[in-house]
């Protein structure tokens, strides 16, 4: 969390990476609710999808992070966004 605060204070870019991954999506994949809380406080868009249309909520479901889903519901994230499912 200290690193995130430092990046925020230095005006770091929290926009999607060149691959389309957002900080919120990465936090959701790894189940980091405290990071998501921090990102919410700095007005991060939790509904911004990656280039392949994967959303933060979809990532939380895929990786089984119920605590992240509870937080996203509390944060009033729209779960009804279209998602493209890729079968492996």
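The values are calculated or read from the model by the stated rules, or taken from the named source; none is laboratory data. Only a predicted model underlies this, so the values are computations on that prediction, with no experimental measurement involved. All Cβ positions, even for glycine, are placed from backbone atoms using ideal geometry, and neighbour counts span all protein chains on display.
Here are a few things to note about the model shown:
- Listed conditions (1) part of a helix (DSSP H, G or I); (2) touching a residue at least 12 places away in the same chain (Cβ under 8 Å); (3) within 21 Å of residue 80 (Cβ to Cβ) are all met by residue 47, apart from (1).
- Complete set of residues in the stretch 53-80 that are surrounded by 11 or more Cβ atoms within 10 Å (Cβ to Cβ) and assigned to a loop (DSSP other than H, G, I, E, B): 53, 54, 55, 63, 65, 75, 77, 79
- Taking the stretch 25-36 as the range and being assigned to a helix (DSSP H, G or I) and in contact with a helix residue (DSSP H, G or I) (Cβ under 7 Å, 6 or more places away or on another chain) as the test, the residues that pass are 25, 27, 28, 29, 33, 35, 36.
- Any chance residue 83 is closer than 11 Å to residue 28 by Cβ and either modelled with pLDDT of 85 or more or surrounded by fewer than 20 Cβ atoms within 10 Å (Cβ to Cβ) (or both): no
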